[in-house]
Amino acid sequence: MFIILAVMGLHAWLTLSMATLLNDMQASDTSGIKRMEATMMSELKLSDPPVAAPPPPKPRASRKASGQRPPKSPSPSASAPEPALARPEESASAPEQAESSITVAASSSEPESSASEPIPLALSASEPSSAKGPPFVWPLATRVSYKVRGYFRGDVHGQARVEWVRQDMDYQVRVDTTIGPSFAPIGSWNLISAGTITPEGLSPKRFEQVNRLLIKTSPPRTVVFDPQNVVLDSGEKLQRTPGMQDAASQFIQLAYQFIMQPDLLRPGNTIHIPLALPKRVETIAYDVIDEQMLDTPIGTIPTFHVKPRKMSAEGGVLPVEIWFAPGLQYLPVRILVRANEKTYMDLQMERAPEQAPADAASASASAPPLP
């Protein structure tokens, strides 16, 4: 009996020591990025999807100010050149071309050209002008919490969260995943992206990734962005592609693209997004699979399933499938990380997202300028 109690006491002491050690390590994991503090947040309710605010009308120059005389009204008898008539086949195909322009831009086989074109800040062609959703403004803070279930040499359980924090036009996206009990985790996976907000979305400046297993913590793997290049964790310098993201910022950048251009989420579309990963640069093709109803703690909600067509695990980050919820500002409510058929982590939203929206006084200052 004494031996059993001694073993139990030793196990409890080791568990407490490991938890203390891991907590002590936490502060220095991302020494290159000083974490922003999130403001107080409240529960985010289901609502109509936010919409891109239409650009303000351009002021017309006064003819009196310019010194120009107004043109004379043409005489009814004056002959005007007849407009060129479109060929029947051209006029019939025009609506189809206009309707498919978004799909072509999203699924183009030339990822560099599609990535270089900024996402237009306007309602999509299929969205009615009287859309009910509120105009989109970058919130001050947003957090989505998940429960983790998966398999790695046995069943695994844990917690995760994706968090967004903004101060003026600077942002941070943090992805924290912990396997095992929170007081004594077996391992964790922490990503953080820091950068600035532009009219085209997020522009990362630095990315860090820290992996931890028991008491062993890896040095931060980093990607540093400058205006023309990215510097990978090995020190290799590569050209920076317009619209390039990192493994953390991609979640929010995709949601922003869907807000700005909802037609991208049509099943069958493909969105190309260039990623700078710790070990390599890779352009990922995300296919919009279908619309799915997901059971969540706040009810059954519609989502869109987006899946990478192909992504190499050699990049230092595993491929992820994402379910975006339009009624929750297109936030990712489910994330599936899969190394192979037997090894995976399934992150499913465990409660309503939390958010600190931008107040009315700072909304105009926080919104990126329209192009």
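Listing for the model above:
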| read-out | value |
| --- | --- |
| Odd one out for residue 196 among (1) surrounded by fewer than 21 Cβ atoms within 10 Å (Cβ to Cβ); (2) in a loop (DSSP other than H, G, I, E, B) | (2) |
| Out of 230, 288, 306, sole residue that is β-branched (Val, Ile, Thr), under 21 Å from residue 33 (Cβ atoms) and either under 20 Å from the mean Cα position of the chain (by Cα) or open to solvent by 30 Å² or more (accessible area, probe 1.4 Å) (or both) | 230 |
| Residues that are within 16 Å of residue 321 (Cα to Cα) and touching a residue at least 40 places away in the same chain (Cβ under 8 Å), drawn from segment 275-288 | 275, 283, 285 |
| Count of segment 171-193 residues which are assigned to a strand (DSSP E or B) and either aliphatic (A, V, I, L, M) or more than 23 Å from residue 258 (Cβ to Cβ) (or both) | 12 |
| Test: residue 334 is assigned to a strand (DSSP E or B), at pLDDT 85 or above and open to solvent by 30 Å² or more (accessible area, probe 1.4 Å) | yes |
| Search result, residues across segment 246-271 that are part of a helix (DSSP H, G or I) and among the polar types (S, T, N, Q) | 249, 250, 253, 257 |
| Residue check, residue 243 assigned to a loop (DSSP other than H, G, I, E, B) and surrounded by fewer than 20 Cβ atoms within 10 Å (Cβ to Cβ) | no |
| Inter-residue pairs, beta-carbon under 7 Å, first in contact (Cβ under 8 Å) with a residue 24 or more places away in the chain and in segment 31-42, second assigned to a loop (DSSP other than H, G, I, E, B) and among the polar types (S, T, N, Q), 6+ apart | none |
| Residue check for residue 223: without any contact (Cβ under 8 Å) to a residue 60 or more places away in the chain, open to solvent by less than 10 Å² (accessible area, probe 1.4 Å) and among the hydrophobic types (A, V, I, L, M, F, W, C) | yes |
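The values are calculated or read from the model by the stated rules, or taken from the named source; none is laboratory data. Source: prediction; values computed, not measured. Backbone-built Cβ (ideal geometry, glycine too); neighbour counts: all protein chains shown. Please note that ligands, DNA and RNA were not included when accessible areas were found on the heavy atoms of the full protein model with its side chains. Shrake-Rupley method; radii C 1.70, N 1.55, O 1.52, S 1.80 Å.
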